[in-house]
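The values are calculated or read from the model by the stated rules, or taken from the named source; none is laboratory data. These numbers come from a predicted model, not from an experiment. So basically every Cβ, Gly included, is an ideal-geometry build from the backbone, and we count neighbours across all protein chains shown.
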Ligand SMILES: Nc1ncnc2c1ncn2[C@@H]1O[C@H](COP(=O)(O)OP(=O)(O)OP(=O)(O)O)[C@@H](O)[C@H]1O
């Protein structure tokens, strides 16, 4: 570049001493086949000198937007020889040529001018955009190296692209005008042919916009002569151009009109010598410049993650809103805000468009600016992926983002609703606080009562709203309320989606919800978040986005580039650790819901906190799908029906019994409770063996029963419960049962000692046996079972059973009318409709899926989705 710049520097310096260059020019002309000419007219030289004086002699790194620079277009041919002809460009000066870019000399000159402007300007000081509908981009072919290195943009070759370029140029002009910066980037528009009248008028308007617009137009195929007509259209005069030097081509030579500020002639006739236009710059020069500027373009053009971060951590006040830098618009940093004008954001982008990356940019940017006292985050992700995993502690990295309150990864829709409900509760708390202080906005609260702003991000939110089910309906209601009231209460929503189709209907509430989302971010393929007429996102590359602050309306677009946070994993981790270390004392990690995690009872804090001596034993069965991941449990008190049935073919049923048994065991001192385990189906063997071993290790009485022993024990337990004498057939296990019952007989309300837990893995496998009637007592196993179910709890006897189907449970109960005899239900993979029928609940919304269950407590009307407890590596589903 040094060499190149000095080459052009020399040519430019020639302005001041044209004569000194005559010999060189002559030689050049001779070699170009132009015959030797006598000395040029001294008058011409004097005028040329005046042009030179009128123009500042540019040195490399000269900003071009404010001041024009002399740029060589060719050599004048006079009888005395040749001399370089330099014309003012930049600083509000333009050039038009009457022949279009299909003329090789014109295309070559345009390329030479592009190269010269690039060489003079500081790296990044010139942006070149070509319009080449005439030759479909071929005119820019030889500049390929510049294109490849990102120094110049790909030329627009279709009418739509030309319109888009003109839109962008006008935005550039307005922004430049407003920014009013001395180092303003110059936009060079190179048109190889005159576009249709509408666009031609827009180009012409740009030539009138003055230096402040920072645009330079190089326009080929423009009718010469002013005023002039478009060829063949006498009634359609070409619009007048402003501050433009005109070249008129005849054969290989051009006539040059007077430059606007420094005319050659006194009579307006232009330069009185034909000019041999410069040809293509040597390919080596193009390559060298491309290489030099390419590096600078990469440096200046890419946005680093570090550019997003503030100088000082946690220095921001969220009182009036939140604001963070998300990338760059042209060369300026670009910030987005959660405030009164843009309280919520809607983000669209096809998969792989950089949505996750953009969200990471935003979240880290915010977290670096605002302390956890100013900002809290709720992060929800409904897709398979790792979007928010880095904000929560893991085995490998104990750090977390201290602003994060709840993080859902591969969330269930139910979890999403739980988070939205939690946010609505927060809205209500805030509404009360505002009322108490007699203000209507968060920002008006007294300083000592300030509450943090909340940003809730929901990635792939359309999942929540898909389908016409109770979850979708509740979600729409909640989102609408949060969107409507969030502005005043400092609760901000970011909804991101690959597609907004399908949710547009939204029961006719789309406008009510999305109308509150003034700020739209369209990533590649995400034009759906913009107005239908706004196609600004049509050709975005990954790493860029259209930001629109007018709910997507055309005319309010800003194209930004944002850094690839995923490429800065180290920096992200460092920042997160820094923020984590700085967390306020006593900070708790966010509550985390990972859709794919196994819920282990051993990890449950309620479980680990269980001790013997409680008043009412708790049977823990899973983790509720709610914001805090509350333990899902049943109270095993003395009310009739306090028994647990896990139902479904899934072997998770056995896992649930294991968790229930282990948790109950923790609430009894050794010897205080008896566990009768009946593993009747092979699928339960592993869970049953593990349960037996764990209970025995804890010092509890454990008896294993086969089906026959189960039948016997049912008789024994039933008769004891019913106050009859024990008359079960004598088996070894019955003796054990009576040992259990011995103490159970003393169990009364408010006393958890002396319990017997009958844990049956695959209860339905005993159905045949239970159906048989005992010839001596005339009671069937089912009779005893039903007695036990009703009367056992009062005597400290509880059944924990896994049935592999609802019908089988109902049959054992003696019909669904007896369903309350087992009040605690864990429905695994049973169809929602069947479950609704069994429970007598007609609008039950339950879609069975692996590792999920519905907890139903008939006594306190609880119905909750849970992740049932299981061991790592368990079989998660089983279809019969
Ligand atoms: N600003 C950027 N600059 C360069 N590359 C980027 C940028 N943003 C994203 N990418 C690239 O695009 C890839 C996809 O990004 P990201 O994972 O954010 O997409 P996404 O829209 O979330 O996709 P999906 O919805 O499928 O998860 C990333 O691996 C990253 O390398």
Number of the exception - residue 491 against (1) more than 14 Å from the ligand (Cβ to nearest atom); (2) surrounded by fewer than 22 Cβ atoms within 10 Å (Cβ to Cβ): (2)
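Based on this model, can you work out whether residue 467 counts as on the phi > 0 side of the Ramachandran plot, in a loop (DSSP other than H, G, I, E, B) and surrounded by 21 or more Cβ atoms within 10 Å (Cβ to Cβ)? Full working, then the answer.
On the way: on the phi > 0 side of the Ramachandran plot: yes; in a loop (DSSP other than H, G, I, E, B): yes; surrounded by 21 or more Cβ atoms within 10 Å (Cβ to Cβ): no.
Against the criterion (on the phi > 0 side of the Ramachandran plot, in a loop (DSSP other than H, G, I, E, B) and surrounded by 21 or more Cβ atoms within 10 Å (Cβ to Cβ)), residue 467 does not qualify.
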A careful count of residues in region 538-553 that are away from the ligand (no atom under 13 Å from the Cβ) and at pLDDT 85 or above gives 8
I'm trying to understand the selection: among the residues of region 341-353, which are within 14 Å of the ligand (Cβ to nearest atom) and surrounded by 24 or more Cβ atoms within 10 Å (Cβ to Cβ)? 347, 348, 349, 353
Reported set for region 322-334 where residues are modelled with pLDDT under 95 and more than 15 Å from the ligand (Cβ to nearest atom) is 330, 331, 332
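What do you reckon, is residue 265 more than 16 Å from the ligand (Cβ to nearest atom), in contact (Cβ under 8 Å) with a residue 60 or more places away in the chain, more than 30 Å from residue 149 (Cα to Cα) and not assigned by TED's automatic domain parsing to the domain that holds residue 459?
Values: more than 16 Å from the ligand (Cβ to nearest atom): yes; in contact (Cβ under 8 Å) with a residue 60 or more places away in the chain: yes; more than 30 Å from residue 149 (Cα to Cα): yes; not assigned by TED's automatic domain parsing to the domain that holds residue 459: yes.
Yes, satisfied.
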Looking only at region 495-525, filter to residues that are modelled with pLDDT of 90 or more and buried (at least 23 other Cβ atoms within 10 Å of the Cβ); which one of those is farthest from the ligand (Cβ to nearest atom)? 519
I'm told residue 456 meets every condition in (1) in contact with a strand residue (DSSP E or B) (Cβ under 9 Å, 6 or more places away or on another chain); (2) without any contact (Cβ under 8 Å) to a residue 12 or more places away in the chain except one. Can you identify the failing condition by its number? (2)
Residue pairs meeting the criteria (Cβ under 6 Å; at least 6 apart or on separate chains; first free of Cβ contacts under 8 Å to residues at least 60 places away in the same chain, in region 358-369; second within 13 Å of the ligand (Cβ to nearest atom)): 365/308
Reported set for region 360-401 where residues are in contact with a helix residue (DSSP H, G or I) (Cβ under 8 Å, 6 or more places away or on another chain), away from the ligand (no atom under 13 Å from the Cβ) and in a loop (DSSP other than H, G, I, E, B) is 397, 399, 400, 401
Take residue 338 and decide whether it is in contact with a strand residue (DSSP E or B) (Cβ under 9 Å, 6 or more places away or on another chain), touching a residue at least 12 places away in the same chain (Cβ under 8 Å), assigned by TED's automatic domain parsing to the domain that holds residue 560 and within 16 Å of the ligand (Cβ to nearest atom). no
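What strands (runs of 3 or more DSSP E) lie completely within region 641-705 and have 3 or more residues being surrounded by 24 or more Cβ atoms within 10 Å (Cβ to Cβ) and modelled with pLDDT of 95 or more? So that I can check it myself, show each step before the final result.
On the way: elements: 644-647, 673-679, 701-704.
So the answer is 644-647, 673-679.
Could you look through region 295-305, keep only residues that are at pLDDT 70 or above and crowded, with 19+ Cβ neighbours inside 10 Å, and pick out the one that is farthest from the ligand (Cβ to nearest atom)?
Of all residues in region 295-305, those at pLDDT 70 or above come to 295, 303-305.
Filter once more, keeping what is crowded, with 19+ Cβ neighbours inside 10 Å: 303, 305.
Working: 303: 7, 305: 9 Å.
This residue is 305.
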For region 446-457, how many residues meet the condition of being in contact with a helix residue (DSSP H, G or I) (Cβ under 7 Å, 6 or more places away or on another chain) and either within 16 Å of the ligand (Cβ to nearest atom) or part of a loop (DSSP other than H, G, I, E, B) (or both)? 2
Determine if region 250-269 includes at least one residue that is assigned to a strand (DSSP E or B), buried (at least 21 other Cβ atoms within 10 Å of the Cβ) and modelled with pLDDT of 85 or more. yes
Of the listed residues (310, 281), the one being more than 17 Å from the chain's Cα centre (by Cα), away from the ligand (no atom under 16 Å from the Cβ), within 29 Å of residue 175 (Cα to Cα) and part of a loop (DSSP other than H, G, I, E, B) is 310
Filter result for the condition that a residue is within 16 Å of the ligand (Cβ to nearest atom), within 27 Å of residue 831 (Cβ to Cβ) and touching a strand residue (DSSP E or B) at 6+ places or on another chain (Cβ under 8 Å), over 629, 595, 648: 595
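Determine, yes or no, whether residue 290 is over 30 Å from residue 453 (Cβ atoms), buried (at least 21 other Cβ atoms within 10 Å of the Cβ) and at pLDDT below 90. Break it down into steps so the answer makes sense when it comes.
On the way: over 30 Å from residue 453 (Cβ atoms): yes; buried (at least 21 other Cβ atoms within 10 Å of the Cβ): yes; at pLDDT below 90: yes.
So residue 290 passes the test.
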For region 797-807, does any single residue satisfy the condition of being closer than 17 Å to residue 721 by Cβ and over 55 Å from the mean Cα position of the chain (by Cα)? no
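Tell me, please, whether a residue that is within 16 Å of the ligand (Cβ to nearest atom) and over 30 Å from residue 531 (Cα atoms) can be found in region 571-589. First the steps, then the outcome.
So in region 571-589, the residues within 16 Å of the ligand (Cβ to nearest atom) come out as 571-572.
Those left that are additionally over 30 Å from residue 531 (Cα atoms): 571-572.
So far as region 571-589 goes, yes, one or more of its residues are within 16 Å of the ligand (Cβ to nearest atom) and over 30 Å from residue 531 (Cα atoms).
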